[in-house]
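Here's the structure, in structure tokens; my notes come after.
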Amino acid sequence: QDGTEEEKLTDLNEAFLADFPTSPHRKLEFKGTDGVDVEGWYVEPTNGAQAPYPTVLWIHGGPHGAQGNTFAFDTQLLNAAGYGVLYVNHRASTGYGDTFSTAIKGDWGVLDYGDLMAGVDYAIELGLADADKLGCCGISGGGNLSTWIVGQTERFKAAIPQNPVTNWQSFYGVSDIGVWFATEELGGHPH
């Protein structure tokens with residue numbers, strides 16, 4: 001499906017949205033670490049700020065999740081405060097084929113990190129993101145990448161990891177998904 005046959009069925013939130021500023025979304029397509037095509041979105045602030053914007057790299061969880069051109073309250077809050085939000089469907093994201101989504105298995109923090117930094121570089125190159133005012137955040141796999149990023153580069157002024165996996169041994173032993181997920185992602189048991 002290419003979306004040409006989509007039809008809007010309701011207008012339930014018309015009154016609310018009439019007074020709600022919508023954030024302009026810009027689709028980004030760029031080359032990842034090793035020349036692979038990577039997709040992302042940049043959501044501009046709604047407070048009248050001028051580009052380049054202070055920018056938050058918002059990293060999806062999973063890590064086998066994906067972002068899209070969708071409504072998110074946290075993005076709207078950041079936009080209203082003057083921040084641009086950058087989403088990148090880095091290596092491990094779903095929707096781009098099995099090779100893309102499994103590329104980091106056994107090697108977290110290499111291709112995915114490189115794709116995220118390529119997205120940040122591209123947003124800076126486009127004049128959207130302010131290279132001196134960058135932050136990152138994410139949940140689960142995105143939380144893991146948030147902690148990894150600030151250990152690899154000093155580009156980011158702040159990181160907000162939510163529910164990150166930072167200790168694979170304790171994750172393996174106490175998480176409800178640790179035994180199967182850790183072995184699937186890292187290729188074996190920690191012991």
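The values are calculated or read from the model by the stated rules, or taken from the named source; none is laboratory data. Predicted model only: the values in this text are computed from it and were never measured. Positions of Cβ are generated from backbone atoms using ideal geometry, with glycine treated the same way; all protein chains shown enter the neighbour counts. Ligands, DNA and RNA are excluded from the accessible area calculation, which covers all protein heavy atoms including side chains. Shrake-Rupley method; radii C 1.70, N 1.55, O 1.52, S 1.80 Å.
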Note to self: Give me the one-decimal nm value for the distance between modelled label points at Arg155 and Ala51, 7 Å along each residue's Cα-to-Cβ direction.
What the structure shows: 1.7 nm
Checklist line | Per residue, in Å², the accessible surface of the stretch 1-59 once ligands and nucleic acids are set aside, probe 1.4 Å | finding: 71 Å²
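Using helices alone, I'd like the mean residue ellipticity at 222 nm for the chain: each DSSP H run of four-plus residues gives -39500 (n - 2.57), total over residue count, nearest 500.
Numbers: 7 runs with 61 residues, N = 191.
Mean residue ellipticity at 222 nm (helix-derived): -9000 deg cm²/dmol.
Ignoring ligands, DNA and RNA, what percent of the accessible area of the chain is carbon or sulfur (1.4 Å)?
On the way: 5450 of 10590 Å².
The C+S portion of the solvent-accessible surface of the chain is 51 percent.
Applying 1/(1 + (r/R0)^6) with R0 = 35 Å to the Cβ-Cβ distance of Asp2 and Leu126, what FRET efficiency is obtained, to the nearest 0.05?
Computed FRET efficiency for Asp2 and Leu126: 0.85.
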Margin query: Between helix 111-125 and the chain, what is the angle of the helix's C-alpha long axis to the longest principal axis, kept within 0 to 90° and rounded to the nearest 10?
Written below: 30 degrees
Item checked: Acute angle (nearest 10 degrees) that the helix 141-152 long axis makes with the longest principal axis of the chain, alpha-carbon atoms -> 80 degrees
Margin query: Report the Cα centroid-to-centroid distance between the stretch 119-191 and the stretch 68-118 in angstrom, as an integer.
Written below: 11 Å
